[in-house]
Structure formats: structure tokens, C-alpha cells
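Data block below; observations after.
Taken together, the values in this text are just the output of simple stated rules run on the coordinates, not laboratory data. All values derive from a computational prediction rather than experimental measurement. We place every Cβ from the backbone using ideal geometry, glycine too, and count neighbours over all the protein chains shown.
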Amino acid sequence: MHVKDELFEIRVRDENREVQKKHYSAQKVTAIWLCTGTALSTDAIKLAMTFNVDIVFLEKDGDPFGRVWHSKMGSTTKIRKAQLEASTSKIGLDWIRTWLTNKLRNQVQFIRNLKKHRPQHADFLQDKVIRIESLIGALQTLEAASVSEVADTFRGYEGTAGRLYFETLSYVLPDIYKFNGRSMRPAQDAFNAFLNYAYGILYSKVEKALIIAGIDPYLGFLHRDDYNQLSMVYDFIEPYRTFADEAVFRLFSAKKVNKGHLDELANGVTLNKEGKTLLITAFNEFMDGQPLRHGGRNMSRSTIIQYDAHSFGNTIIGKKVRS
């Protein structure tokens, strides 16, 4: 990536080793994601910073390992002090309950949407809806003085819901794509390889949204504050994981994924260049495409994450959120 006439210039060699160039206006770019094996000029970095374009460096599996952004992020000391206080009080517990409840509700809604077009699986899908809804009820009645007192219980409910949910997704996929639960690094199947990479991109989006809203991405409520651990990102991301789930599921249910999108590893599979291109294109279109009703207005999924981050920051300092 270089700069030409105040435009980002992308240079790629084609099959004949000839350089093909494409140009993009910095005013129309919101983020740059660079996988290993790519190059970025300092002029391109400067142009990105001038227009507040986030630059993210991704591992092969999609996890962000570094980033560059503008130094003027608008964060406030007041928000971070309130965040620290909330982490050890009932306020933090209430937020975790809200985020996990919304995550499970989104999972239920996704299953219900699947049910509309799969009458042959209605009984199976309805059973999963009922079981996850019972876990939502259990979450809402859980009380304590702080998150630490019930953290393991929270994780238990979330884990049980996750197993039911992913069992459901696998059940309704075409036979060639079915998978046996979640697998991380490395993924054991194509679906998990795509999902892991999508989550990596989503982590990056959430981290940026939190920082822009003045929230410390390292100071979480449920996840541990280990060294270099983006604990708040892991907490805050939960309601939005279904964005990645649905984007990936659409690719597989439409049978757009094939073996040519994956590379074999010694003990699993990973996305290759073609697979990453397919996923990133589809995921961006899904996140910035058809708006949803949220907060009293129509928003893209990317905007929803940023809106909720600002709402969270304002709420913990006692500032009224406008709808």
C-alpha cells in the first residue's frame, strides 16, 4: 500500500507477475486490515492518520496483533475512573448480565429466523430456543455484590448456551459443512476456520469503538485483567458475536465455501488468501449493509457497536443517553 495524489494506492501482482494498481479515497476508507506478508508505506500511514483511518495488523487466523490510530481519541479520565469503580461493584455485574443476556437473546433470534425457512427442523430448533431461553431466565435472576462472586456461574450459563447454539448451526448446515462444536487454534473444520477469522475482525472493530468512546479496552468486568489482555473487548463483544456468526453462516448455507479457500495444517485447517478475501468482503458488506432498528433509529451493524460503546461510556458516568 502506497500513496499517489492523496489516494491510497494498492499494488498487487497478478498471475503474470505484472503489477495491478487500484486507488481509493482516504475520505471513503474507514479501516485498513493488513495480513502477514503485506507492506505499508509511511506515507500511507500518515494519510490514514490524517483522515482517522484505523490500521489493523492481523495474524493468519484473523486475530489482531497490532494497530495504528490517530493520537486524538477523545477519551476522558472520568470515564476510565468510573469503569474501574464499576469493575468491582454491582454496576459491573449488571453490565455483564445485560451483555450476556443480549448475546443469548440474539442467539435465540437467529435460531428463530432459521426456523422460519426450515419447517422440517421446527421441533429441533424450538427445543433449542426453549433451553437457551431458560438460561436467559437464570442469568436475569442471578444476584451478588460483584461479578467476582458469580463469575464462574456466568461462564457456565454462557458455555451451556454456546454448546446448544453451535450444535443448532451445525445441524441445519448442508452435510459437507457440519462440524463438531467450536474449535479455536487451529480450527478443526472449515466453519470454525471462517468463524475464528471473523471473530478476529470483530475484536478489532470492538476495540476501536471502545477507544473512540473513551473506554479502556484492557479493564474488564468478567474476563481477567491479565497482562496485555483486552478484557473489556472480550466482555463488550458478546452481544455482537452473532453478527460474525450470521455472516459466516450465510456463506456456508449458500454453499460459497469450498476446499480452495482453506489450507491444511498438521492438526487442522486455516483460511488461505482466497478464503480471507471471500470472508472479509462478505463480512464488510454484512456489517455496513442493510440497517437495523436500534436506539430509535436505523443503523448499520458497525454503527450499532460504536453507538453502544458511547452509550456505555456515558451511562457509567451518569450522563443521560439520548435515543
Original post:
Does the chain classify as rounded, prolate or oblate by the C-alpha gyration tensor (a ≥ b ≥ c root eigenvalues; a/c under 1.5 gives rounded; else a/b over b/c gives prolate, otherwise oblate)?
Top reply: oblate
**OP:** Find how much the distance from GLN140 to LYS90 grows on full extension, using 0.36 nm per residue of separation minus their present alpha carbon separation; answer in nm with one decimal.
**Re:** 16.6 nm
Original post:
If each residue's Cβ is checked for other Cβ atoms within 10 Å, how do MET287, MET232, MET49 rank with the fewest at the top?
Top reply: MET49, MET287, MET232
Original post:
Roughly how big is the stretch 106-166's charge dipole about its Cα centre, with Cβ charges of +1 (Lys, Arg) and -1 (Asp, Glu), in debye to the nearest 20?
Top reply: 480
**OP:** Convert each backbone phi in the stretch 262-269 into a coupling constant with the Karplus relation 6.51 cos²θ - 1.76 cosθ + 1.60 (shift: θ = phi - 60°), then list the ³J(HN,Hα) values in order as whole Hz, x for Gly and Pro.
**Re:** 10, 10, 7, 10, 4, 9, x, 9
Original post:
What 222 nm value per residue comes from the helices of the chain, counting each DSSP H run with n ≥ 4 as -39,500 (n - 2.57) and dividing by all residues, nearest 500 deg cm²/dmol?
Top reply: -17000 deg cm²/dmol
**OP:** Rank-order 128-139, 171-182, 88-99, 241-252 by packing density, defined as the average count of other C-beta atoms within 10 Å over each peptide's residues, highest first.
**Re:** 241-252, 88-99, 128-139, 171-182
